[in-house]
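Worksheet for the structure shown next.
The values are calculated or read from the model by the stated rules, or taken from the named source; none is laboratory data. Since this is a predicted model, take the numbers as computed values, not measurements. Here the Cβ positions follow ideal geometry from the backbone for every residue, glycine too, while neighbour counts run over all protein chains shown.
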Protein chains: 2
Amino acid sequence: MSILIKNVRLDGHKKDVYVEGKYIKTIGEKLTCLADEQLDGKGMTLIPSFANVHTHVAMTLFRGFGDDMPLMPWLQERIWPNEAKLTDEDVYWGAKLGILEMIKTGTTAFADMYHKVSSTAQAVDEMGVRGYLAGAVFDNFDKEARKKTIAANEADMKALENYGDRIHFVVGPHAIYTNSGELLKWANDFSKENNILFNMHLAETEGEVTNCIKEKGCTPVRYLNKLGILSPRLIVAHGLYMDEEEIGLLADNGVSVVHNPASNLKLASGLEFKYCEMKKRGVKVALGTDGACSSNNLDMVEAMKLAALIGKAWRKDPEVIPATDIFKTATQVGHEVLGIKAGVITEGYLADMCLIDTHSPAFVPNHNFISNLVYAANGYCVDTVLCNGKVIMRGKHVEGEDEIMERASKCAYNLVRR
Amino acid sequence: MSILIKNVRLDGHKKDVYVEGKYIKTIGEKLTCLADEQLDGKGMTLIPSFANVHTHVAMTLFRGFGDDMPLMPWLQERIWPNEAKLTDEDVYWGAKLGILEMIKTGTTAFADMYHKVSSTAQAVDEMGVRGYLAGAVFDNFDKEARKKTIAANEADMKALENYGDRIHFVVGPHAIYTNSGELLKWANDFSKENNILFNMHLAETEGEVTNCIKEKGCTPVRYLNKLGILSPRLIVAHGLYMDEEEIGLLADNGVSVVHNPASNLKLASGLEFKYCEMKKRGVKVALGTDGACSSNNLDMVEAMKLAALIGKAWRKDPEVIPATDIFKTATQVGHEVLGIKAGVITEGYLADMCLIDTHSPAFVPNHNFISNLVYAANGYCVDTVLCNGKVIMRGKHVEGEDEIMERASKCAYNLVRR
């Protein structure tokens, strides 16, 4: 399979891009190579697709179901009772809906953490994107529950081996306040043995930090350090409350952090994410949307704008986090964190890319394309998406999108009513 | 002229809405009245259109032209030298582009402040929206300049009398740090005599407040109070830095405040806008995008999300500024502040409305339409727009949009190059 993209803007110049198999083979001018398919890039700008490094994709089913509520009543009254009723089919259609939303807004790779991981894998496989999927791992400090969740996790990893190279199992204990130190150490060993990523929530709220100090005698990052589980395989989501020394520990141990500005704001977790400080110290910072239940969409373009704007505002410095920087975070760094050779448009890299339709007010005038993309546009400026060398959206249309919206909608309504 | 909208969702129910002339005449079920035009509302939800109560519409020409810069170098190096070169034609096409963007994202009324107000009026007239237009009024504390700017202002008001009832002249001295107390008092008298609105920037930055205290011996609101110019005709933009007593002064004198979250964040002016405190004290708070130069778009849906999210985050309270509240602010209150009988869908009100296309992931599932609109969607979910009883966008297409984007683009490039 080969694709030739003609006359597309790339870094300010008109180019042709030839894709062979999964990879970008040639970037040049007036390429004449024969290809199975030719895409007209006129009026379009080519960018690498986004990596959404923290979400709970099937939670699209709960979009708008209990907003403007404090965290605990929301979880206890709205989310947990309904999650207990989730079927494989619910998660499958919920994941398809979330992936549809991500494709439509230019994301082709994501890191997930949710129940019924096989159903999510099935959805990822069919939709043509890349999923780094963790199940829901909770031991609640209970020995029996620990055995159970470990066994489930091992079974999930096995189940995901049936899928191709776009789907990767990740070990994902939920958080330090829902899992024992033993479980966390097991997860670290398990990720090492199987050479997989290790994904968890960390330092998301002030309460988590206060409780950690009370219960473990130190802050969350120091606690993980004591357990000996800081490593380059570890990706922590949120990381809002960290001091300079903790940022140093993350940097020295190669841990990555995922910033989720929308959910941090909406749940009022906080806004002073230390993006600049982490980057300066050498921590890899990626970007995520979190689940559609708390963000409430999976649009990485919006996540870029929020991250840049909030970062400027709380520091009272309009020069920090410029558009080009947050764009690199959402594309190149996100893919690096997941270990994907994508996120830049370069020969030899995977053909995971988007054609942006610049024929819209957000891109007029086009003094600065990246600024327009980050500050003026939103994810729905994406026209065409390629992942792994295949076209998965064309002219803003994804195959089967009507059925996905209809089925996911039915699952969602039935779920909260049954 | 009459329009019948069939089978549209309104407040959760399927309704027909009959528009006669400029007004909503009948809302009911299975209406059979004959109309000049029938719109199919299937799959659509009807909402009042938005009022963008603070912008500089022709500044779309400078979209993305100098981002991530501190305020003064940005103004001195990028904006002011280019604004000095603006022609009538530039402002006309820049305004058309901005109005196009507003229509596409559901806004039909706006308050503006910019150079060459007649050119903006011409654009408003042709595009079919409502404009409350102030010229650029600066006396820079100079007597001769004051005479000149007053004369120009009087001429502008005269010029705008040639337009119909959608176009209103507003007196708009830029700010307290660019205009003398004499000019501000003149503006207040002028607005009273002519029964027009009085629009200005106020308390936008900490620096403005510090300087005001130094130079006038008090904070900005107290300074206006001393001048005797607080009145229900006054609309202040930004109002970020105000204490409780100042909020009380605004409330007691019927002054309205416009919150501009995107530009407050991007220029790092600050984020602690006292939305809840003002509303509690009885101040009318409206919402704006500010100019596309600092926000960088004119999307009121995005402005709603930003206002709600930031308000929750800095207060550490996820329950404040719920979606329904900020939606009311962006529609009903915005129109009230401008004195327009619109912003709600009620018989007898002006037919300024949008049909929202809910066939998109942001609205699936539709547990809560207003939550989906505010937190998950963006302005490009708007499918059809009516203003003053006329359809001004249909199926996401505005007549002449290609020419507007092309001409505005040319003006913008020529401007910064000449």
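Yes/no per residue for (1) within 21 Å of A:Asp299 (Cα to Cα); (2) part of a loop (DSSP other than H, G, I, E, B); (3) in contact with a helix residue (DSSP H, G or I) (Cβ under 7 Å, 6 or more places away or on another chain):
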| residue | (1), (2), (3) |
| --- | --- |
| B:Gly348 | no, yes, no |
| B:Cys354 | no, no, no |
| B:Pro365 | yes, yes, yes |
| B:Tyr375 | yes, no, yes |
| B:Thr384 | no, no, no |
| B:Met393 | no, no, yes |
| B:Arg407 | no, no, yes |
| B:Asn414 | no, no, no |
* Just one of A:Ser231, A:Ser269, A:Ser294 is under 21 Å from A:Thr105 (Cβ atoms) and assigned to a loop (DSSP other than H, G, I, E, B); which is it? -> A:Ser294
* Are any residues in segment B:334-371 surrounded by fewer than 22 Cβ atoms within 10 Å (Cβ to Cβ), more than 9 Å from chain A (Cβ to nearest Cβ) and of a type in the set (Val, Ile, Thr), and if so, which ones? -> B:Ile340, B:Val344, B:Ile345, B:Thr346, B:Thr358
* To do: Tell me which residues, restricted to segment A:79-98, are out of contact with any Asp or Glu (no Cβ under 9 Å at 6 or more places or on another chain) and among the aliphatic types (A, V, I, L, M).
  => A:Ile79, A:Ala84, A:Leu86, A:Val91, A:Leu97
* Would you please list the contacts, defined by Cβ atoms under 9 Å and residues six or more apart or on different chains, that run from a residue in segment A:150-175 that is at pLDDT below 95 to a residue that is basic (Lys, Arg)? => A:Asp165/A:Lys22; A:Asp165/A:Arg130
* Asked: With respect to the numbered conditions (1) at pLDDT below 95; (2) surrounded by fewer than 19 Cβ atoms within 10 Å (Cβ to Cβ), which one is the sole condition not fulfilled by A:Gln38?
  -> (1)
* Asked: With segment B:93-199 as the region, which strands (runs of 3 or more DSSP E) entirely inside it contain at least 2 residues that are polar (S, T, N, Q) and within 21 Å of the chain's Cα centre (by Cα)?
  -> B:107-113
* **Checklist (1) within 14 Å of chain B (Cβ to nearest Cβ); (2) surrounded by fewer than 22 Cβ atoms within 10 Å (Cβ to Cβ) applied to A:Asn296, failing item** => (2)
* Those residues that are among the charged types (D, E, K, R), exposed (fewer than 14 other Cβ atoms within 10 Å of the Cβ) and under 29 Å from B:Leu133 (Cβ atoms), I need them from segment B:207-236; list them, please. => B:Lys226
* Identify, from the list A:Val117, A:Val91, A:Val17, A:Val8, the residue that is farther than 26 Å from A:Gly270 by Cα, in contact (Cβ under 8 Å) with a residue 24 or more places away in the chain and either within 14 Å of another protein chain (Cβ to nearest Cβ) or touching a His at 6+ places or on another chain (Cβ under 8 Å) (or both). => A:Val91
* **Any hit, segment A:366-389, residues being aromatic (Phe, Trp, Tyr) and in contact with a strand residue (DSSP E or B) (Cβ under 7 Å, 6 or more places away or on another chain)** => yes
* **Residue that is crowded, with 21+ Cβ neighbours inside 10 Å and among the charged types (D, E, K, R), where the choices are B:Glu193, B:Glu182, B:Glu204, B:Glu244** => B:Glu204
* Structure fact -> Residue set B:Ala175, B:Ala155; condition loosely packed, with under 15 Cβ neighbours inside 10 Å, more than 20 Å from B:Thr108 (Cα to Cα) and among the hydrophobic types (A, V, I, L, M, F, W, C); output residue B:Ala155
* Residues located in segment A:215-235, provided they are within 28 Å of A:His335 (Cα to Cα) and out of contact with any strand residue (DSSP E or B) (no Cβ under 6 Å at 6 or more places or on another chain) -> A:Val221, A:Arg222, A:Tyr223, A:Leu224, A:Asn225, A:Leu227, A:Gly228, A:Ile229, A:Leu230, A:Ser231, A:Pro232
* **So B:Ala136, is it closer than 20 Å to B:Ala408 by Cβ, at pLDDT below 95 and not charged (D, E, K, R)** => yes
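So, A:Leu271, is that one of a type in the set (A, V, I, L, M), surrounded by 24 or more Cβ atoms within 10 Å (Cβ to Cβ) and in the same structural domain as A:Phe110 (by TED's automatic domain parsing) or not?
So A:Leu271 fails the test.
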* To do: For segment B:49-60, indicate whether the set of residues that are in a loop (DSSP other than H, G, I, E, B), surrounded by fewer than 20 Cβ atoms within 10 Å (Cβ to Cβ) and touching a residue at least 24 places away in the same chain (Cβ under 8 Å) is non-empty.
  => no
* Structure fact -> Considering residues that are more than 14 Å from chain A (Cβ to nearest Cβ) and modelled with pLDDT under 95, the number found within segment B:381-416 is 0
* To do: Determine whether segment A:312-322 contains at least one residue that is crowded, with 20+ Cβ neighbours inside 10 Å, of a type outside the set (Asp, Glu), over 26 Å from B:Asn296 (Cβ atoms) and in contact (Cβ under 8 Å) with a residue 24 or more places away in the chain.
  => no
* Looking only at segment B:372-418, count how many residues are among the small types (Gly, Ala, Ser) and buried (at least 23 other Cβ atoms within 10 Å of the Cβ). => 5
* **Tabulated pairs, segment A:195-223, first assigned by TED's automatic domain parsing to the domain that holds A:Leu271 and within 18 Å of A:Gly291 (Cα to Cα), second at pLDDT below 95 and part of a strand (DSSP E or B), C-beta under 9 angstrom, 6+ apart or interchain** => A:Met200/A:Val137
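Which of the residues that make up segment B:127-142 are among the small types (Gly, Ala, Ser) and either under 18 Å from B:Lys116 (Cβ atoms) or outside the structural domain of B:Gly334 (by TED's automatic domain parsing) (or both)? Before the answer, list the steps.
In the first step, residues of segment B:127-142 are kept if they are among the small types (Gly, Ala, Ser); the result is B:128, B:131, B:134-136.
B:Gly131, B:Ala134, B:Gly135, B:Ala136, listed by residue number.
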* Matching option when the condition is of a type in the set (Ser, Thr, Tyr) and crowded, with 22+ Cβ neighbours inside 10 Å, among B:Thr87, B:Thr108 -> B:Thr108
* **Flag for B:Thr289 being in a helix (DSSP H, G or I), more than 8 Å from chain A (Cβ to nearest Cβ) and among the β-branched types (Val, Ile, Thr)** => no
* Qualifying residues in segment A:308-328 (those that are outside any helix (DSSP H, G or I) and within 7 Å of chain B (Cβ to nearest Cβ)) - the one nearest to A:Ser49 (Cα to Cα) -> A:Pro322
